[in-house]
Every structure is written in structure tokens, then in C-alpha cells.
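The values are calculated or read from the model by the stated rules, or taken from the named source; none is laboratory data. It should be emphasised that the depicted structure is a prediction, and the values quoted were computed from it without experimental measurement. In this analysis, Cβ positions are derived from the backbone assuming ideal geometry, glycine residues included, and neighbour counts consider all displayed protein chains. Only protein heavy atoms, including side chains, enter the accessible area calculation; ligands, DNA and RNA are left aside. Shrake-Rupley method; radii C 1.70, N 1.55, O 1.52, S 1.80 Å.
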Amino acid sequence: MSNPDFLTRYQQLIAAPSISSLDPALSQSNRGVIELLATWCESLGFHSEVIELQSAPGKYNLLAKRGSGAGGLMLAGHTDTVPFDEGRWQRDPFKLIAEDNKLYGLGSIDMKGFFAFVLNAITELDSSKQQRPLLLLATADEETTMAGAQEVARYPDLKPERCIIGEPTDMVPVFTHKGHMTSAIRIIGKSGHSSDPERGINAIEVMHLVIQKLLKLKEELKNKYSVPDFAIPYPTLNLGHIHGGDNANRICGCCELQLDMRPLPGLSIAELQAMLLDATKDINARYPGSVEVWDMHDPIPAFAGTKDSALVKLAEKLSQQPAVAVNYCTEAPFIQQLGCETIVMGPGSIEQAHQPNEYLAMERIAPSQQIIKELIYQSCW
């Protein structure tokens, strides 16, 4: 069977919608992308396994392998994209459009394009000389729950020696990154007429007390923890969304705040959760049963890689770039649980991720392709 060329694969991947969203009205199955990848992998001599997620029916992972035994290299990425704002896109997000020396399309760099690069590199290598296993992992729902990567970490027989996660780093190796925790705090007060405030409990006022505690926690995190590899070397806490009350002349009976926390390596999710509960403890004692705290999605731990692994050294040599730490998060902490040396490294700039008119700069195609090909060759040939 003949294999499609690089741009044909790229076009077909972009044309297969696979939006993941916590809003069921926007979320889509990724099966179309998975089936494309499975077909292409099988034509290159891989054994492909398509697995429906236990936690998200209608969403799928693909694990494709060529070669036997443990070890070798796994190339990993997610098949979903974020939703798009139609009013801000100037082109069809589901068509790969070459214009102004750029390839435009939803997922062009985050991160369907990575699979086109990988498959093109594999096509150009002589399969008869492959000496170690080569694996391709394609996951679901990275942009929301990371359910696909979390289920992969439970496979007992999946034991690659190395893994490259192809998120858009402009081919700069990333050896560590922060985690991500989105929490909500809800205050249940007691509503009533505004003419007699003492007869109620104003949830906005109680939330004001909570916010004071959170701002104190924010400063404590900044002053107590530091990892100098990061551009922002401390854990962050962001108050992102708040709403409460329904009318000016009513005592507010309910107020909810949503916040984002980004732990450093070495600061566990459990520790952050305990800090959050501790910050609200006194207020909950003052207004019994009024404060609820919960995670809005499964928290993502930090990725604690090292600069001195063989894979990092190889990636630095081929890219001629030192490995870096980044503030965003990926599937790396879940993949790393397989016991493999893990880095994040892929084509395209993170500055384009989640942006209208997402694109890959075409002058970066050839150098990115060469690095990916060499990473595969030096790991498996």
C-alpha cells in the first residue's frame, strides 16, 4: 500500500474534527483521527490497537508498535483540539491552508501536525534496519481531563525506554514543567431582604474573607517555594472567575469562585489541596457548613524530569538548544509513570497554541523534520 505524503497526512488530520470540551454540546469523538493514524501505522508495518477509554466512552487511544519486546522509543501526542471561536478565525479551521509561508488550521501545532512529522520521518527510514521497538501513542482529551494519558499509565506491559511528547516547543527540549489544579470554592449564605442585613449571611462578604486568605496563601507560595529553572520560579495562584447574588436588594445567598494553581516539581497536589482547605478552615468554623471546596477536574501533577538523562542530552545535541523548564503542563507526568526517560519536544510554537488562526511557520518544517528523524534513528536504529 502506498503511503500518503507529508502534506496529505497533515490535511487529513486537520480535516477530522476532534474537539474536546467540558461542555457536552462542544465535545466530539476523536475516532476519525485515531482511525487515520491506525491505517497509516499499519501500512508501515505497525501493529495497531485502538482502545476506547473506560472513563470517556466515545473517546479513543491508539497504541501502535513495530518491533518486539520492551525498550525503544515511544512518540506520543494527543489527538484532540480546543474549541474555536468562529468569529475570530479568518480561515476554515478544518482546512490546512498554506498562506504567507504558514500552514493554518486547528491543531496545526497543538498538536495533530506532530503525527504528520513522525509518520513522514518513519517512512524515510529503512524499516529492515530497525533494531529496537518503535511505538506511536495517540491519546484523547488532553485538552480537558487528560483521561487518555491517565489510562495509558495503567498498562503494565507498556515499557518503552524513552518517550518524546510532541507538544509545540519549536523543537526545544523541555525536561520539566509545572502541574495544574483548577478548584472551586462555594459560599452558601442565607438570603434575605437587603433592608435588614443582620437577618441573613451575605455570601459575597464571606467570600471576601476567603479571598483575603487566598491572597495571603498566594504570597506564601511565592516566598516559600522556588525552582530557578522556571521563568516564573514559584507556584502560582490565580483568581480566575467569580459570580454571586442575583439582585442589589437581596442579601446574597450563594457566591462561587474558581481559581487556578500551578505547583512546582516537589510540591504535591495533596499538599496544595491541604493548603487550600487550611485557608478556609477558620471561616468555615465561623460560618459552619458555609464553605465548600472541590477540584473542577482531576489535578495534573508537575513533571519532574532531569537535565542529565541520555534522551535530554541527545535532544540538546540534535536541536542545539539547552533543555528548559516551562510553566504550562502536558501529559508527561502520566507517561513518565511507565518508567521511561521522557521529554516534551515538538514542532511549532507554544505561542500559537489555543489561538485563532493557529499556524505552523513553514520555514520550520525542514529543520524540525530532520531533528525528529534523527531522534527516531538514534533511538531505534
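If you place +1 on the Cβ of every Lys and Arg and -1 on the Cβ of every Asp and Glu, how big does the dipole about the Cα centre of segment 137-177 come out, in debye to the nearest 20?
Once rounded to the nearest 20, the dipole reads 220 debye.
If contacts are Cα pairs under 8 angstrom and at least 6 residues apart, what is the relative contact order of segment 198-263 in percent?
Across segment 198-263, relative contact order equals 37 percent.
On average, how much accessible surface per residue is there in the chain, in Å², for a 1.4 Å probe, leaving out ligands, DNA and RNA?
45 Å²
Run the accessible area of segment 150-228 with a 1.4 Å probe and give the carbon-and-sulfur part as a rounded percent.
In segment 150-228, the share of accessible area belonging to carbon and sulfur is 50 percent.
Sorted from largest to smallest, which semi-axis lengths in Å does the alpha carbon gyration tensor of the chain give for its equivalent ellipsoid, taking the root of 5 times each eigenvalue?
Values for the chain, descending: 43, 23, 19 Å.
What residue among S191, S349, S183 has the largest mean-square fluctuation in a Gaussian network model of the chain, using Cα springs under 10 Å?
For the chain, modelled as a Gaussian network with Cα springs under 10 Å, the answer is S191.
Taking the Cβ of D157 as the center, what net charge do the other residues with Cβ under 13 Å away carry, scoring Lys and Arg +1 and Asp and Glu -1?
+2
Solvent-accessible area of M362, probe 1.4 Å, all protein chains present, reported in Å² to the nearest ten, please.
70 Å²
For the Cα atoms of the chain, what angle does the longest principal axis make with the long axis of helix 269-286, in degrees from 0 to 90, nearest 10?
For helix 269-286, the angle is close to 10 degrees.
Could you tell me whether segment 1-114 comes out rounded, prolate or oblate from its Cα gyration tensor? Rule is a ≥ b ≥ c as square roots of the eigenvalues, rounded for a/c under 1.5, then prolate if a/b exceeds b/c, otherwise oblate.
oblate
Across 10 Å bins from the origin, how do the percents of Cα pairs in segment 175-234 run, short distances first?
Answer for segment 175-234: a P(r) of 17, 32, 23, 16, 9, 2 percent.
Which of the trypsin sites (Lys or Arg not before Pro) found in segment 157-222 are loop residues per DSSP with 10 or fewer other Cβ atoms within 10 Å of their Cβ?
Passing sites in segment 157-222 do not exist.
Take the alpha-carbon positions of segment 158-317, form their convex hull, and give its projected area averaged over all directions (one quarter of the hull surface) in nm².
The number I arrive at for segment 158-317 is 12.4 nm².
I'd like the accessible area for E49, computed on protein heavy atoms only with a 1.4 Å probe and all protein chains in place. Round to 10 Å², please.
Here the accessible area works out near 90 Å².
If N is the number of residues in segment 100-169, what value comes out of its Cα radius of gyration divided by 2.2 N^0.38 Å?
Expressed relative to 2.2 N^0.38 Å, the Cα Rg reads 1.33.
Which net charge results for the neighbourhood of Q12, defined as the other residues with beta-carbon distances under 12 angstrom from its beta-carbon, given Lys and Arg at +1 and Asp and Glu at -1?
+1
Once you have a ≥ b ≥ c as the square roots of the Cα gyration tensor eigenvalues for segment 308-363, tell me rounded if a/c is under 1.5, and otherwise prolate or oblate according to whether a/b is larger than b/c.
Judged from the Cα gyration tensor, segment 308-363 comes out oblate (a/c at least 1.5, b/c at or above a/b).
Rg/Rh for segment 274-319 to two decimals, with Rh computed the Kirkwood way over all alpha-carbon pairs.
1.42
What's the carbon and sulfur percent of segment 232-322's accessible surface, probe 1.4 angstrom, rounded to a whole number?
51 percent
Hey, what's the per residue convex hull volume over the C-alpha atoms of segment 211-269, in cubic angstrom?
Roughly 96 Å³ of hull volume per residue.
Per DSSP helix of 4 or more residues, -39500 (n - 2.57); summed, then divided by the residues of the chain. What does that give at 222 nm, rounded to the nearest 500?
Helix-only estimate at 222 nm: -9000 deg cm²/dmol.
Placing +1 at every Lys and Arg Cβ and -1 at every Asp and Glu Cβ, with all other atoms neutral, what dipole size does the chain have around its Cα centre, in debye to the nearest 20?
560 debye
Can you tally the net charge around N327? Count Lys and Arg as +1, Asp and Glu as -1, for every other residue whose Cβ sits under 12 Å from the Cβ of N327.
0
Using a 7 Å offset from the Cα along the Cα-to-Cβ direction at both S68 and D246, what is the distance between the two label points in nm, to one decimal?
It is 6.8 nm.
Ratio of alpha-carbon Rg to the 2.2 N^0.38 Å globular estimate for segment 271-374, to two decimals, please.
Relative to the 2.2 N^0.38 Å estimate, segment 271-374 comes out at 1.59.
Over all directions, how big on average is the projection of the convex hull of the alpha-carbon atoms in segment 59-157, in square nanometres?
So the Cα hull casts an average projection of 8.1 nm².
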